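> The structure's right below; bear with me while I get my questions together.
The values are calculated or read from the model by the stated rules, or taken from the named source; none is laboratory data. Fair warning: this is a prediction, and the values are worked out from it, not measured in the lab. Cβ placement follows ideal geometry from the backbone for every residue including glycine, while neighbour counts extend to all protein chains displayed.
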Amino acid sequence: MLKPWLWLSVLVIGLDQATKTLAEILLVMHRPIPVLPSFNLMLTYNPGAAFSFLADGGGWQRWFFLGLGTAVSIGLILWLRRLKPEEKRLALALALILGGAIGNLIDRAWLGHVIDFIQLYYDHWYWPAFNIADSAITLGATLLVLDSFSAREASPRLS
């Protein structure tokens, strides 16, 4: 079941890397450009994980997240290979997460940090900046949770 979904992972990786390259070319670090109400483009670098977790770790976190991301990506590929053809939503979820994970792994491996450039806010409350890879991971994780609920409902209940 792996091959039909790899195109999606490759598409996520390509879009992620292309938009990060454009962000670095067109944006100035920490200078937001308003696009829509509550939506800016703003270049920033994140040496940590989600929400800048461990961003001030002193450098060891780069190798930790590279190892973790690599292990997760291998696990996702193995999981995708074992899926049945009818498990389309699960395959979609895993392919999105895989593409996002590899997109951010590329940044960590070559740059030592992840490039973020999408900024959402409401009034004076700002969500941490993120990128296409993060969006794919979030969408994939949401689909994974939804799939787990539908799988639970489809399984026979024991009395």
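> Would you mention how many residues in the stretch 102-135 are in contact with an Asp or Glu (Cβ under 7 Å, 6 or more places away or on another chain) and not aromatic (F, W, Y)?
Qualifying residue count, the stretch 102-135: 8.
> Can you tell me which residue within the stretch 50-89, out of those that are of a type in the set (D, E, K, R) and modelled with pLDDT of 65 or more, is surrounded by the most Cβ atoms within 10 Å (Cβ to Cβ)?
Per the stated criteria, the residue is R62.
> What residue, of A129, A101, is closer than 17 Å to T19 by Cβ, without any contact (Cβ under 8 Å) to a residue 40 or more places away in the chain and of a type in the set (A, V, I, L, M)?
Exactly one of A129, A101 is closer than 17 Å to T19 by Cβ, without any contact (Cβ under 8 Å) to a residue 40 or more places away in the chain and of a type in the set (A, V, I, L, M), namely A101.
> Continuing with the same structure: Restricted to the stretch 17-47, and to residues that are assigned to a loop (DSSP other than H, G, I, E, B) and either in contact (Cβ under 8 Å) with a residue 24 or more places away in the chain or of a type in the set (K, R) (or both), which residue is surrounded by the fewest Cβ atoms within 10 Å (Cβ to Cβ)?
R31
> Let me ask you something else. Using the structure shown, decide if L8 is surrounded by 12 or more Cβ atoms within 10 Å (Cβ to Cβ), at pLDDT 95 or above, assigned to a helix (DSSP H, G or I) and within 18 Å of the chain's Cα centre (by Cα).
yes
> Only one of (1) at pLDDT below 95; (2) under 19 Å from W127 (Cα atoms) is not met by L43, so which one is it?
(1)
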